[in-house]
Amino acid sequence: MVRDNDNMSLLTCMTTPSRLQRILHGIDRFFFRKISAQGFGLMRIGWALTAFLFLLAQWNDITMYYSNEGIIPSDMTGLITRTHHRFTLLHSITEPSAVFTLYLLLLFTLLCSALGIFTRATTILSTILLFSFHERDPYTLGGGDTVLRHLGFLLSIAPCLSAFTLDRAHRQWQKWKRTGMLLPVPHMSIWPWRLLLWQLIIIYGASLWYKSLGDMWWSGTAAVSALHHPTFVRWPLWFMDYLSPFAVFMNFFTLFVHIGWVSLLIPEWLTEPFPRWTWHGSRRRLFLMLGAVFHGSILIIMDAGSFSLAMMAGYAGLLLEEDFALVRNWFSKHWYTLRQAQGDTHITVLYDGRCGFCKRSTFWLTLCDHLHRLKFVNFWNEEERKNAAPNICTEQLNRAMHIVVPSSLQKLQTYSGFDAFRELAAHLPPFWILLPFLYVPGIAPIGRCIYAWIAKRRITPSSSP
Amino acid sequence: MLIMVFVLWHILAVGVYAIPGDAKDKFSNWTRKTFGNTVRPYILITSQWQQWNLFSPDPLRRVTKYIIEIEEEGRVHVLTTLEPGSIPWWRHATYFKFLGSLLEWHENKEQLIVRFLHAQCAKFDVDAGTSIRLVYNYYIIPKHETVVPVEWWRHFQPDMETWYGTTTTCPSSPV
């Protein structure tokens, strides 16, 4: 006869994982837990644009650096680098015109990778071409080029590259047309992210190790020496003298950032018993921000090639879903707090539901609406139109896009045409880079003319009531 | 399973290869000896080679100006000077990295320095047979054991030194 506590024991055995199962589950989660692929999407864009810009700057020097009519012909590369375990297309492609053609192909594939056109193929091809140029002439390479090679390798093997791509935007459009909704955020296994984190820790760890082999960094005299080397600084030496009082701080801040990144090797569960001595938030996020300050400062003060931008591209790859949510909440907190009393905190975009161009425009606005602030109303729907904009007639709405913005003063402000576009740009993160230009004096009248010209072409017999 | 093995392999390979070449402690020597030959082919073929010695162990303190001189009718004059500020900013970092590596004199690289000088002959349309040479004009930023006042940097006047490098003659046909 089976007793109740026997049943309980049997049930407990069946439902409680054994220690081995827990270990296996932990290992599986360590390598294959799903994370947002958006971080790697941003990294791909940053990587491709950085490589593109710095290679573009070499336009006049390509044949000098990489062809047989340059300073180092291919039969002399043995004088400057290894000959074994070395792959480069430029070993056999040596004629200046052929080398330049390959260079143009590299620029083209980098641009396609940045935009997300045939993303996987263009990313892999641009990585192979980048490797080929780097291996052909290592004398042109700095730390940033090494980082770009590592990021290119990780992007080439990452299981999902579809975030922020035009490839995906096409699939998004198909879904949006059918259902009015977007595809879910793409996800991927965490293992490429772990490789990226390890690579960044190695960069800072190895660099810290190297610095420990000298004595200037630990005596606080390294930064001021670097600030007075004319080859490495962007500004005249007399200007660098004004930064010299801060050099000791910069010196030890550099070491602090290095140590901080190495400390990411310490798992959270080891630091939990010491709450007084540990950072209470995410250490990864803390050192991402400090690293951004560090590399941003280097970008402004020093001429270190592509290093700063390449590192910041790598940082983007480490962003997780919770980071995007945190940034979204930070931007939205103020917005929602000041507007909650009005009930609806969304910006209403009134569009022509009968116009194909307008529907495509609302799709692109939806894609760019990362802060989730927009609400779309088809003004041909009389009830919705009256709720959203009772004071604007259909004829006015038909002439230009209108938006209704709840202001912090509990009023509703209405914008139309170019002014509506300019107001929307402030709420759509991909447009923030355009924002300063939209407010340059003189731009508004030009913008209104262009908008009116486009709107006039939009009105067709099918879109009129 | 294959992915897990690859990830662990890559982590090991990158970690081992990145150990500073100047580190001579027991751990570094043992790691390089044990794993170095195994990871090296993978790291080199995948172009993942790396040594993170930017401004390390100590920042570079030698500031070099490269002067190219030619001798015409028994008189020596400067053809061009390659120094910070003489190259457009968008080419600056890569060009000086290239120059710094190329022109740091080493007997193995004599042929490359000669090619570089011949390229200058073509660029400036110097007559064939003209003698051309590379001159290194440099100073060393002093190394201090402790932090010195800002005023010291404001009044710092470098001690310039000159070293005469490779000499060759301009060829009749371009490089």
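The values are calculated or read from the model by the stated rules, or taken from the named source; none is laboratory data. Note that the structure is predicted; figures quoted are calculated from it, not measured. Ideal geometry is used to build each Cβ from the backbone, glycine not excepted, and the neighbour counts take in all protein chains shown. We work out accessible area using only protein heavy atoms, side chains counted, and drop any ligands, DNA or RNA first. Shrake-Rupley method; radii C 1.70, N 1.55, O 1.52, S 1.80 Å.
Of all residues in the range A:433-461, those that are open to solvent by 80 Å² or more (accessible area, probe 1.4 Å) and not in a helix (DSSP H, G or I) total 3. Residues in the range B:104-126 that are out of contact with any Ser or Thr (no Cβ under 8 Å at 6 or more places or on another chain) and closer than 19 Å to B:Cys170 by Cβ: 9 in all. Residues in the range A:69-86 that are closer than 13 Å to A:Pro138 by Cα, at the interface with another protein chain (Cβ under 8 Å from one of its Cβ atoms) and under 36 Å from the mean Cα position of the chain (by Cα): A:Ile80, A:Arg82, A:Arg86. Within the range B:130-161, the set of residues being exposed (fewer than 11 other Cβ atoms within 10 Å of the Cβ) and farther than 15 Å from A:Ser244 by Cα comprises B:Glu145, B:Gln157, B:Asp159, B:Met160. If you go through the range A:189-198 and keep only what is open to solvent by 10 Å² or more (accessible area, probe 1.4 Å) and either among the aliphatic types (A, V, I, L, M) or outside any strand (DSSP E or B) (or both), you end up with A:Trp191, A:Trp193, A:Arg194, A:Leu197, A:Trp198.
Looking at A:Val185, A:Val147, which one is part of a loop (DSSP other than H, G, I, E, B) and in contact (Cβ under 8 Å) with a residue 24 or more places away in the chain?
Numbers: A:Val147 fails: part of a loop (DSSP other than H, G, I, E, B).
Of the residues listed, the single one that is part of a loop (DSSP other than H, G, I, E, B) and in contact (Cβ under 8 Å) with a residue 24 or more places away in the chain is A:Val185.
Candidates are the residues of the range A:367-387 that are among the aliphatic types (A, V, I, L, M) and in contact with a His (Cβ under 9 Å, 6 or more places away or on another chain); the one that is surrounded by the most Cβ atoms within 10 Å (Cβ to Cβ) is A:Leu374.
Yes or no, residue by residue, for (1) at pLDDT 95 or above; (2) at the interface with chain B (Cβ under 8 Å from one of its Cβ atoms); (3) under 21 Å from B:Pro57 (Cβ atoms):
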| site | (1), (2), (3) |
| --- | --- |
| A:Leu208 | yes, no, yes |
| A:Gly220 | no, yes, yes |
| A:Phe239 | no, no, no |
| A:Ser244 | no, yes, no |
| A:Phe256 | yes, no, yes |
| A:Pro273 | no, no, no |
| A:Arg284 | no, no, no |
| A:Ala292 | yes, no, no |
| A:Met302 | no, no, yes |
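Yes/no matrix, rows are residues, columns are (1) more than 10 Å from every other protein chain (Cβ to nearest Cβ); (2) in contact (Cβ under 8 Å) with a residue 40 or more places away in the chain; (3) closer than 26 Å to A:Ser162 by Cβ; (4) in contact with a His (Cβ under 8 Å, 6 or more places away or on another chain):
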site	(1), (2), (3), (4)
A:Leu49	yes, yes, yes, no
A:Tyr65	no, yes, no, no
A:Glu95	yes, no, no, no
A:Ala114	yes, yes, yes, no
A:Glu135	no, yes, no, no
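Do we find that A:Leu154 is in a helix (DSSP H, G or I), open to solvent by less than 20 Å² (accessible area, probe 1.4 Å) and either more than 8 Å from chain B (Cβ to nearest Cβ) or touching a helix residue (DSSP H, G or I) at 6+ places or on another chain (Cβ under 9 Å) (or both) in this structure? Against the criterion (in a helix (DSSP H, G or I), open to solvent by less than 20 Å² (accessible area, probe 1.4 Å) and either more than 8 Å from chain B (Cβ to nearest Cβ) or touching a helix residue (DSSP H, G or I) at 6+ places or on another chain (Cβ under 9 Å) (or both)), A:Leu154 qualifies.
Please go through the range B:78-91 and pick out each residue that is over 27 Å from A:Asp303 (Cα atoms) and either open to solvent by less than 40 Å² (accessible area, probe 1.4 Å) or outside the structural domain of B:Thr162 (by TED's automatic domain parsing) (or both).
Selection gives nothing.
When you check B:Glu104 against the structure, is it open to solvent by 20 Å² or more (accessible area, probe 1.4 Å), modelled with pLDDT of 90 or more and within 21 Å of the chain's Cα centre (by Cα), yes or no?
no
Please give the helices (runs of 4 or more DSSP H) falling wholly within the range A:206-271 in which 1 or more residues are in contact with a Pro (Cβ under 9 Å, 6 or more places away or on another chain).
Filter on the range A:206-271 gives A:216-219, A:222-227, A:237-243.
Selection of the range A:93-116 for residues being surrounded by 15 or more Cβ atoms within 10 Å (Cβ to Cβ) and outside any helix (DSSP H, G or I) yields A:Ile93, A:Thr94, A:Gly116. Restricting the range A:307-318 to residues that are more than 16 Å from A:Phe153 (Cβ to Cβ) and not hydrophobic (A, V, I, L, M, F, W, C) leaves a set whose member that is nearest to the other protein chains (Cβ to nearest Cβ) is A:Ser308.
Among the residues of the range A:83-92, which ones are closer than 13 Å to A:His134 by Cβ and surrounded by fewer than 14 Cβ atoms within 10 Å (Cβ to Cβ)? The one that is closer than 13 Å to A:His134 by Cβ and surrounded by fewer than 14 Cβ atoms within 10 Å (Cβ to Cβ): A:Phe87. For the range B:74-87, the criterion of a residue being in contact with an Asp or Glu (Cβ under 7 Å, 6 or more places away or on another chain) and small (Gly, Ala, Ser) is satisfied by no position.
Quick grid of which residues meet (1) assigned to a loop (DSSP other than H, G, I, E, B); (2) open to solvent by 30 Å² or more (accessible area, probe 1.4 Å); (3) at the interface with chain A (Cβ under 7 Å from one of its Cβ atoms); (4) touching a Cys at 6+ places or on another chain (Cβ under 9 Å):
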residue: B:Val39; (1), (2), (3), (4): no, no, no, no
residue: B:Gln51; (1), (2), (3), (4): yes, yes, no, no
residue: B:Asp58; (1), (2), (3), (4): yes, yes, yes, no
residue: B:Val63; (1), (2), (3), (4): no, no, yes, no
residue: B:Ile67; (1), (2), (3), (4): no, no, no, no
residue: B:Val76; (1), (2), (3), (4): no, yes, no, no
residue: B:Lys97; (1), (2), (3), (4): no, yes, yes, no
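Annotation for the range A:333-343: no member residue is in contact (Cβ under 8 Å) with a residue 40 or more places away in the chain, closer than 27 Å to A:Lys175 by Cα, outside any loop (DSSP other than H, G, I, E, B) and open to solvent by less than 40 Å² (accessible area, probe 1.4 Å). The residues listed here are A:Leu56, A:Leu79, A:Leu49; of these, the one that is in contact with a Leu (Cβ under 7 Å, 6 or more places away or on another chain), of a type outside the set (Asp, Glu) and modelled with pLDDT of 95 or more is A:Leu56. Residues satisfying the criterion are absent from the range A:196-206 (criterion: within 8 Å of chain B (Cβ to nearest Cβ), under 25 Å from B:Phe96 (Cβ atoms), free of Cβ contacts under 8 Å to residues at least 24 places away in the same chain and touching a strand residue (DSSP E or B) at 6+ places or on another chain (Cβ under 7 Å)). Every condition in (1) more than 7 Å from chain A (Cβ to nearest Cβ); (2) open to solvent by 20 Å² or more (accessible area, probe 1.4 Å) is met by B:Ile43 except one, and the failing one is (2). Take the residues of the range B:17-34 that are facing chain A (nearest Cβ under 10 Å) and assigned to a helix (DSSP H, G or I): which is nearest to A:Arg29 (Cα to Cα)? Top of the filtered list is B:Tyr17. Of everything in the range B:157-175, what is modelled with pLDDT under 90 and either within 12 Å of chain A (Cβ to nearest Cβ) or not in a loop (DSSP other than H, G, I, E, B) (or both)? Give them in sequence order. Within the range B:157-175, B:Ser173, B:Pro174, B:Val175 meet the criteria.
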